[in-house]
Amino acid sequence: MSPSFSHDGRRIAFVTNRDGNTAGFHLYTMNVDGSEQRRIYPKEALVFSPAWLSVDEVLFAGNRTDDGNFELFYLSIGDPESERQLTSQRLSDLQRAVSPDGNKIIFNSDRSGKIALYTIDLSSN
């Protein structure tokens, strides 16, 4: 679900519950021919909507927070410890897009009581 092509067109990030996790989905990458499928985010969470920032960096939405809200996260592929939570609001932050230069994210959130667009400048976050 939620497939996303890398900028060079060689890999795909996607989410799946193939591991039998009925409570959520896990983040995977693979080559476009389907080879080298691997889980890149080992934590248990409801993860979805991956987007590539660069050849080895992805964003995703997930509810890994204790409050159950969906937040945006950053991850450097190959380094699960690089995870960084980018948003932390009382309501959910979802449906993101990355600027062409990879420095900004635009996303929608219901944090104000109405769904609106918000941005994050990754170079200064």
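Selection of segment 1-14 for residues being within 13 Å of PHE60 (Cβ to Cβ) and either touching a residue at least 40 places away in the same chain (Cβ under 8 Å) or in a loop (DSSP other than H, G, I, E, B) (or both) yields MET1, SER2, PRO3, SER4, ALA13.
Out of the residues in segment 17-53 that are among the hydroxyl-bearing types (Ser, Thr, Tyr) and modelled with pLDDT of 90 or more, state the one that is farthest from SER76 (Cα to Cα). Even if it seems obvious, please write down each step before you answer.
We begin by selecting, within segment 17-53, every residue among the hydroxyl-bearing types (Ser, Thr, Tyr); these are 22, 28-29, 35, 41, 49.
Of the ones still in play, those that are also modelled with pLDDT of 90 or more are 28-29, 35.
Details: TYR28: 13, THR29: 12, SER35: 20 Å.
Per the stated criteria, the residue is SER35.
Within segment 19-54, being part of a loop (DSSP other than H, G, I, E, B) and out of contact with any strand residue (DSSP E or B) (no Cβ under 8 Å at 6 or more places or on another chain) holds for GLY20, ASN21, THR22, ALA23, ASP33, GLY34, SER35, GLU44. Considering ALA45, ALA61, the condition of being more than 20 Å from ASN108 (Cα to Cα), without any contact (Cβ under 8 Å) to a residue 40 or more places away in the chain and under 13 Å from the mean Cα position of the chain (by Cα) is satisfied by ALA45 alone.
Considering only residues in segment 15-26 that are surrounded by 13 or more Cβ atoms within 10 Å (Cβ to Cβ) and out of contact with any Ser or Thr (no Cβ under 9 Å at 6 or more places or on another chain), the one that is farthest from VAL58 (Cα to Cα) turns out to be ASN21. Looking only at residues in segment 64-74 that are among the acidic types (Asp, Glu) and assigned to a loop (DSSP other than H, G, I, E, B), the one that is surrounded by the most Cβ atoms within 10 Å (Cβ to Cβ) is ASP67. Can you name every residue in segment 75-98 that is assigned to a strand (DSSP E or B), without any contact (Cβ under 8 Å) to a residue 40 or more places away in the chain and surrounded by 14 or more Cβ atoms within 10 Å (Cβ to Cβ)? If the condition is that a residue be assigned to a strand (DSSP E or B), without any contact (Cβ under 8 Å) to a residue 40 or more places away in the chain and surrounded by 14 or more Cβ atoms within 10 Å (Cβ to Cβ), then SER76, ASP93 are the ones that fit. All conditions but one from (1) under 25 Å from SER124 (Cβ atoms); (2) without any contact (Cβ under 8 Å) to a residue 12 or more places away in the chain apply to GLN37; the one that does not is (1).
Condition first: among the polar types (S, T, N, Q) and out of contact with any Leu (no Cβ under 9 Å at 6 or more places or on another chain). Can you find one or more residues in segment 33-44 that meet it?
Yes, because at least one residue in segment 33-44 is among the polar types (S, T, N, Q) and out of contact with any Leu (no Cβ under 9 Å at 6 or more places or on another chain).
Hey, among the residues in segment 75-125 that are touching an Asp or Glu at 6+ places or on another chain (Cβ under 8 Å) and of a type in the set (Lys, Arg), which one's modelled with the highest pLDDT? The qualifying residue modelled with the highest pLDDT is LYS104.
The values are calculated or read from the model by the stated rules, or taken from the named source; none is laboratory data. Note that the coordinates shown come from a computational prediction; the quantities given were computed from them, not determined experimentally. Backbone-built Cβ (ideal geometry, glycine too); neighbour counts: all protein chains shown.
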